[in-house]
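Undergrad: Can you read through this structure? Questions will come right after.
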Amino acid sequence: MPAGKGLGARGAADAAPLFRPQAPILATKPHEAGSRTVAAAAHRAPAARCGTIERVTASEQLTGETTSPPDETPAVDAPRRLPLPAALAAALVAGFALLLAFPPYGMWWAAPIGVALLAVACHRRRARGGALAGLVTGAALFIPLLSWTSIVIGHWPWPIVLALVEACYLALMGAAAAAASRLVDRYRWMWPLLTGALWVAQEALRGRAPWGGFPWGRVAFSQQDGPFAGLAALGGAPLITFAVAACGGLLATAAWRRWRARRPGTLPRAAALTAAAVLVALAGLAVPATAPHGRQVRIAVVQGNVPRLGLEFNAQRRAVLDNHVDATLALAKQVDAGTRARPDLVVWPENSSDIDPFRNPDAYQRIDQAATAIGAPILVGAVLEGPGDHARNAGIVWTPKSGPQQPIYVKQHPVPFAEYIPLRSLARKVTKKVDLVRSDFVAGHRTGALRLGPATVGDVICFEVAYDGLVRDTVTHGADLLTVQTNNADFDTAESRQQLAMVQERAVEHGRPALMASTVGVSAFVDADGSVHDATRFNTRSVIETTTRLGEGTTLATRLGAIPEMVLVAAALAGLVAAAGLRWSGRTRTRR
């Protein structure tokens, strides 16, 4: 192999051969019995490529890796790669670092560190070694991050299965990062960019497959209290993820060298790369916040609470409806007494009426009573029966004089294994809890833009806030206020805080005030700059109000839509193709 190959701008002058041609020597001494000599290597590789015989340890047999990766000659000041135990330890710490970035911890700065550790763990490994590192990181992140799902589906095995399925996407990304090592070594400046693009590609795939995907735990949703958040207005969640991961890639590039070598320029280069990472982190602060200039409106959110947390609340559907009606009637009395201002619109949460008001006259009368008393339209979260033996999760505009209005928003993305059960007969063999979902929910087919008094609300229900296109569609259809109706009675505070972080990102992304209305908390208002106020406590009854201006105009992120994500995914694929080309050309030259 030519000296300096794979070093980019370092050139041949910085290179030194790692191997000197030797005659093949087979291990025959007793103390060498613990290492297997790969005699076949003498037939596969010419002496110019690797004259010594590779020895394979037990850990290397596990991942299919040998002592030195093929087709590359690293620089003298760069490590060949981390030993496998050290790489897996780095991957484990990477997962925990990423976890700390999310609510309820909120250490946003830990995310780039986690990305950097995983990048270093995967670099110069074979694909299966990179996949193993990615799987370890994914498990360390998703098992605790999604622990709240155990409240719904039990402690075993579904929460672990869900977390490991999500971790498989990071394993795929780890394999891709490892496969791109040769490209990164030749063009070291590409490491941060390719790292960012691979993270975006992984999240794009995870948010779409299978069954429509599950984009919970996107890096972008961990950054709402940090400087990266402002980037949402330019390119949405994909741009935030790219910036965080690119920042981590810069840190990995700065750290990837043999520090004991004390080569001239090592510290200045590392310092420059670290400074570049800081500049990337602060870039979001340069994006001006969007100030809404629309009509001023007063909004009330009713958090009625439930009799008991957990799935058992479904058995007390009438009590949940009565709680929200009674809280609204109490607000109306205060308005009539002059102690509180009358709201222009009221928002109830998802499942505030699990009784279909179109089929139950008593439920209809109770909701109508609340709307008449408060003298303002109410956005009611209701479960509607049909078609057939199915159900629909809906948002209904209910006015004081005319009752329920058309159109009705029906949730477009029901949650698999929660609102409907794919492969029900197979899932039942694992847990009987699947039968708690008696009727599968069907998906709606229209956007959530609804006229609610003086506002056009962009309504999404529960987990739909995690899907870029569903939220953007409401804004492009005229929404000037984002509403997220959710029922967190099945979960806990951590899940609710993680969901609120998504609402913050959406408010900045589309330059709109937003709110989250929950049955049990956390309910809150979010300004267009992402700041949260009037957040409620968990498992309490509460009514919160605010006066805000509706959003006007569109941000660059709203206008571009999915274009930034598509460009970054294409960049990731192009990088992998280029890396494959380099590897193939190297093998072709070796055969010659």
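The values are calculated or read from the model by the stated rules, or taken from the named source; none is laboratory data. Being a predicted model, the structure only gives us computed values, none of them experimental. A quick note on method: Cβ atoms are made from the backbone with ideal geometry, for glycine too, and the neighbour counts reach across all protein chains shown. Please note that ligands, DNA and RNA were not included when accessible areas were found on the heavy atoms of the full protein model with its side chains. Shrake-Rupley method; radii C 1.70, N 1.55, O 1.52, S 1.80 Å.
Undergrad: For M107, work out the one condition from (1) open to solvent by 50 Å² or more (accessible area, probe 1.4 Å); (2) outside any helix (DSSP H, G or I); (3) touching a residue at least 40 places away in the same chain (Cβ under 8 Å) it doesn't fulfil.
TA: That leaves (3) as the condition not met.
Undergrad: Shifting gears a bit: For residues that are farther than 26 Å from G207 by Cβ and touching a residue at least 12 places away in the same chain (Cβ under 8 Å), scanning just the stretch 406-423, find the one that is surrounded by the fewest Cβ atoms within 10 Å (Cβ to Cβ).
TA: P407
Undergrad: Considering only the stretch 110-146, state which residues are basic (K, R) and surrounded by fewer than 24 Cβ atoms within 10 Å (Cβ to Cβ).
TA: Within the stretch 110-146, R126, R128 qualify.
Undergrad: Identify all residues within the stretch 329-360 that are farther than 10 Å from G381 by Cα and in contact (Cβ under 8 Å) with a residue 60 or more places away in the chain; write none if there are none.
TA: Once the filter is applied, which keeps residues that are farther than 10 Å from G381 by Cα and in contact (Cβ under 8 Å) with a residue 60 or more places away in the chain, the stretch 329-360 yields A330, L331, R340, A341, P343, D344, L345.
Undergrad: State all residues of the stretch 515-530 that are among the small types (G, A, S) and touching a helix residue (DSSP H, G or I) at 6+ places or on another chain (Cβ under 8 Å); if no residue qualifies, say none.
TA: S518, G521, A524, A528, G530
Undergrad: Assuming R81 fulfils every condition listed in (1) within 22 Å of Y169 (Cα to Cα); (2) modelled with pLDDT under 95; (3) buried (at least 19 other Cβ atoms within 10 Å of the Cβ) apart from one, which condition is it?
TA: Result: R81 passes all but (1).
Undergrad: Here is a further query. Is it the case that some residue within the stretch 369-386 is farther than 24 Å from V306 by Cα and open to solvent by 20 Å² or more (accessible area, probe 1.4 Å)?
TA: Within the stretch 369-386 (the criterion being farther than 24 Å from V306 by Cα and open to solvent by 20 Å² or more (accessible area, probe 1.4 Å)), the answer is yes, since at least one residue qualifies.
Undergrad: Out of V460, V475, I need the residue that is β-branched (V, I, T) and out of contact with any Phe, Trp or Tyr (no Cβ under 9 Å at 6 or more places or on another chain). Which one?
TA: Residue meeting the stated conditions: V475.
Undergrad: To continue, here is another question. Would you check if R188 is surrounded by fewer than 21 Cβ atoms within 10 Å (Cβ to Cβ) and without any contact (Cβ under 8 Å) to a residue 40 or more places away in the chain?
TA: no
Undergrad: For the stretch 501-514, state whether one or more residues are at pLDDT 95 or above and out of contact with any helix residue (DSSP H, G or I) (no Cβ under 9 Å at 6 or more places or on another chain).
TA: Checking the stretch 501-514: not a single residue is at pLDDT 95 or above and out of contact with any helix residue (DSSP H, G or I) (no Cβ under 9 Å at 6 or more places or on another chain).
Undergrad: Among the numbered conditions (1) at negative phi; (2) in contact (Cβ under 8 Å) with a residue 40 or more places away in the chain; (3) out of contact with any Lys or Arg (no Cβ under 8 Å at 6 or more places or on another chain), tell me where R446 comes up short.
TA: Every condition holds for R446 apart from (2).
Undergrad: Can you give me the ranges of the strands (runs of 3 or more DSSP E) entirely in the stretch 436-522 with at least 2 residues that are open to solvent by 10 Å² or more (accessible area, probe 1.4 Å) and under 23 Å from Q405 (Cα atoms)?
TA: Counting at least 2 such residues, we get 449-452.
Undergrad: Among the numbered criteria (1) closer than 30 Å to A479 by Cβ; (2) surrounded by fewer than 16 Cβ atoms within 10 Å (Cβ to Cβ), which single criterion is violated by L426?
TA: (1)
Undergrad: How many residues, within the stretch 387-403, are open to solvent by 10 Å² or more (accessible area, probe 1.4 Å) and either touching a helix residue (DSSP H, G or I) at 6+ places or on another chain (Cβ under 8 Å) or of a type in the set (D, E, K, R) (or both)?
TA: Here the count works out to 5.
Undergrad: What residue, of L550, L568, L582, is open to solvent by less than 70 Å² (accessible area, probe 1.4 Å) and out of contact with any helix residue (DSSP H, G or I) (no Cβ under 9 Å at 6 or more places or on another chain)?
TA: L550
Undergrad: Any residue at all in the stretch 457-467 that's more than 29 Å from the chain's Cα centre (by Cα), hydroxyl-bearing (S, T, Y) and assigned by the TED database to the domain that holds L481?
TA: no
Undergrad: Filter the stretch 193-222 down to the residues that are surrounded by 24 or more Cβ atoms within 10 Å (Cβ to Cβ) and of a type in the set (A, V, I, L, M) and list them by number.
TA: Those that are surrounded by 24 or more Cβ atoms within 10 Å (Cβ to Cβ) and of a type in the set (A, V, I, L, M): L194, A197, L198, V200, A201, V219, A220.
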